Amino acid sequence: RTVSFTVAPFLIVGSSNALSRKGAAYIYTQSANTWVHYQTLTGSNAGSGSLFGSIVKIDQSGSNRIIVGNGATGSAYVYVFGYNTSSGYWTESKILSSNRTLPQTLNFISCSPYITSSSNPDGYGNSVAIYGDSIAVGAPTDTFYYEYTGSSVYRQRGAVYFYQSCNSSGTDWYLLQKSFGSEDLRKTNKLAMSIDMYETTSIVSSTYKNYPYSSSYILNTLNKKYDCNVFDNEYDTLGQIVIYSQSTSSYN
């Protein structure tokens with residue numbers, strides 16, 4: 001992913017397969033109408049296969065902080081980098097991670113959900129967003145549940161984590177809320193496949209796939225593909241978008 005911003009003319013490019021799939025993010029600056037390498041970012045906890053840099057976002061509110069996610073299938077981390085106006089470089093200031101000890105509450109089902117295990121990772125860090133003192137991190141495969149007691153069919157509920165900065169420098173963050181969306185979302189929805197934030201509003205996507213197509217509910221979802229790879233199978237998708245508005249102490 002690439003994003004541009006203006007401390008000066010800078011561009012950041014994520015490369016999740018770099019360094020034996022440890023991943024990296026490369027910052028470029030413009031000089032005489034030419035883009036030249038300026039700095040390389042890596043995650044201090046990232047190892048081989050971490051896919052650091054799968055998603056990169058830059059705070060557009062003016063702080064120029066950078067948040068970097070990953071596409072790893074195991075336990076994942078999200079990294080926040082702060083910009084030092086004196087040195088002109090970015091340094092790692094915080095590592096965020098999923099919390100599987102939080103109580104799981106889904107008020108639209110009749111039985112308790114259960115948290116994903118290491119063999120069924122939650123996808124934490126698959127999507128990220130930052131604006132000012134707020135951060136959102138997506139975990140699109142978080143939490144399994146049965147729709148009702150005695151059911152043999154499980155659903156998978158995605159989640160989004162919302163964080164707030166503890167100080168003006170943005171070097172520390174606390175978990176404000178973990179949200180599973182509302183009962184209006186489809187049952188197996190992969191909430192937070194992508195996220196973006198602006199001021200007090202967050203927009204979160206949810207993608208649902210059907211194998212095979214078994215309903216005529218939305219005809220224009222028939223035979224869709226994500227790209228033109230001739231080896232890809234066609235499938236049917238029904239997407240949704242959730243819009244959150246931030247109040248003093250929560251997102252609704």
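Bear in mind these aren't lab numbers, they're just calculated from the coordinates by the rules spelled out. Quick caveat: nothing in here was measured; it's all calculated off a predicted structure. Counting neighbours? That spans all protein chains shown, and the Cβs are built from the backbone with ideal geometry, glycine included.
Sequence-distant or interchain residues sharing an amide H contact under 5 Å with S61, placed H: which?
Those lying under 5 Å, H to H, from S61 are G132.
Could you order the peptides 57-63, 173-179 from most to least packed, using the average number of other C-beta atoms within 10 Å per residue? Kindly include the intermediate steps, with their values, before the conclusion.
Working: 57-63: 18.4, 173-179: 16.6.
Per-residue mean Cβ counts within 10 Å order the peptides as 57-63, 173-179.
Which far-off residues, 5 or more places away or on another chain, put their amide H under 5 Å from the one on S98, with H placed in the peptide plane?
Amide H neighbours of S98: A76.
Past 21 Å, Cα to Cα, is the threshold; run K22/K57; K94/K178; K94/K190 against it and keep the listed order.
Numbers: K22/K57 18 Å; K94/K178 19 Å; K94/K190 26 Å.
Beyond 21 Å between Cα atoms: K94/K190.
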